[in-house]
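Just below is one structure, and these are the notes that go with it.
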Amino acid sequence: MDWTAIKVITSSEAVEAVSYILTDMGAQGVQIEDAADFANLHEGKYGDHGEFIDPSSIPHRKNGAAVSGYFPQNVFVPELLPTIHQRVAKLREYGLNPGENDVSAATVDNQQWATVWQKYYHPLRVTDQLTIVPQWEEYQPADPKEKLIFLDPGMAFGTGTHPTTRLMLEALEKTIVGNEYVIDVGTGSGVLSIAAKHLGAGKVDAYDIDEVAVNSAKKNLALNPVAKDVKVGINSLLDGIHTKADLIVANILAEIIVPLIPQAYENLKPGGKFLVSGIIDDKAPLIRQKLQEQGFIIDDEQQMKDWHGMIAHKPTEVK
Ligand SMILES: C[S@@+](CC[C@H](N)C(=O)[O-])C[C@H]1O[C@@H](n2cnc3c(N)ncnc32)[C@H](O)[C@@H]1O
């Protein structure tokens with residue numbers, strides 16, 4: 001999967017606010033280049049190993065600041081550009097200088113993303129029981145009920161930090177009682193499958209349409225012994241799958257959830273649960289309507305930032 005860096009040229013004083021805006025809009029990492037960071041530095045010992053460095057010899061911005069947010073490409077990044085521009089312009093109302101407010105997007109290569117990723121990704125307790133831990137970090141749980149999900153996100157979506165993923169992690173935590181057969185559609189990094197196993201699921205099958213995601217999921221499943229028996233494969237939605245699961249979880253964009261709804265209904269046991277997110281605010285009515293038309297009962301809906309997550313079930317008495 002590709003990533004997009006959205007870069008905002010702004011003023012040094014607006015760096016924190018612009019970083020907040022990018023994170024709020026779904027950026028999974030933020031990188032700051034600020035001329036002010038160099039302004040007061042003189043020749044001296046810097047760097048991880050105390051190297052002697054003249055800061056002026058390091059390529060850097062001569063004025064203002066650039067804040068780059070890293071977005072997964074399947075989150076409709078192009079739609080975000082005008083919104084980000086407007087929100088940065090509004091900072092003036094809070095007494096902050098938005099600076100040039102030039103907003104641009106570029107595709108990011110693996111190497112660049114990996115570097116940013118490692119710098120900004122740290123252990124994060126995402127739900128009451130689940131904590132995401134980057135594979136390279138040492139982490140001691142603060143609470144005995146914490147379950148650790150080790151991830152090396154690579155280029156697949158699913159760091160656990162995006163609101164759409166968090167909605168599903170919370171929904172899994174609320175729903176799983178133990179020994180369920182779970183299907184994870186659009187597994188990305190495999191994060192939801194690993195969470196399901198930690199929470200007590202029995203068998204878990206995971207699918208993704210993207211080969212990079214499937215490889216990333218395999219790698220992450222191997223990092224988490226609890227999930228070593230999860231099966232992961234390439235498949236578009238549940239095409240060609242005919243089974244009876246207790247729970248189906250999918251964090252995919254609303255447009256893709258629509259054709260998944262009848263497939264999920266067919267592949268669930270009576271009483272089975274369907275957990276969905278990836279639903280941006282204005283698409284929530286469509287998904288509610290499609291779920292109900294199919295015969296699902298919606299039990300719960302949560303919102304995090306602009307995103308909705310729903311828990312529905314197939315009635316026990318199916319007409
Ligand atoms: C938003 S990511 C979710 C990743 C992870 N499950 C999470 O919750 O963080 C959506 C994933 O769905 C996959 N996807 C998109 N269309 C799909 C389709 N038709 N069938 C299966 N997977 C699909 C993408 O490749 C991507 O990995």
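Since every read-out is calculated from the coordinates, none of them should be taken as a lab result. In this text the structure is predicted, and so the values were computed from the model without any measurement. Neighbour counts run over all protein chains shown; Cβ positions are idealised from the backbone, glycine included.
When only alpha carbons of segment 115-312 are considered, Rg and Dmax amount to 15.7, 48 Å. Taking a ≥ b ≥ c as the square roots of the Cα gyration tensor eigenvalues, with a/c under 1.5 meaning rounded and otherwise prolate when a/b beats b/c, else oblate, which class fits segment 218-319? Cα axes put segment 218-319 in the oblate bin. Put in order of Cβ neighbour count within 10 Å, fewest first, the listed residues Arg92, Arg87 become Arg92, Arg87.
Stretching the chain fully between Asp239 and Glu211 yields a gain of 8.4 nm (0.36 nm per residue, less the alpha carbon separation). Label positions at Ile297 and Thr107, each projected 7 Å from the Cα along the C-beta direction, are separated by 4.7 nm.
Sorting Phe150, Phe71 from the fewest to the most surrounding beta carbons within 10 angstrom yields Phe150, Phe71. Per-residue Cβ neighbour counts within 10 Å put Leu237, Leu223 in the sequence Leu223, Leu237, beginning with the fewest.
Potential lengthening of the chain between Lys228 and His122 amounts to 35.8 nm, from the contour at 0.36 nm per residue minus the alpha-carbon distance.
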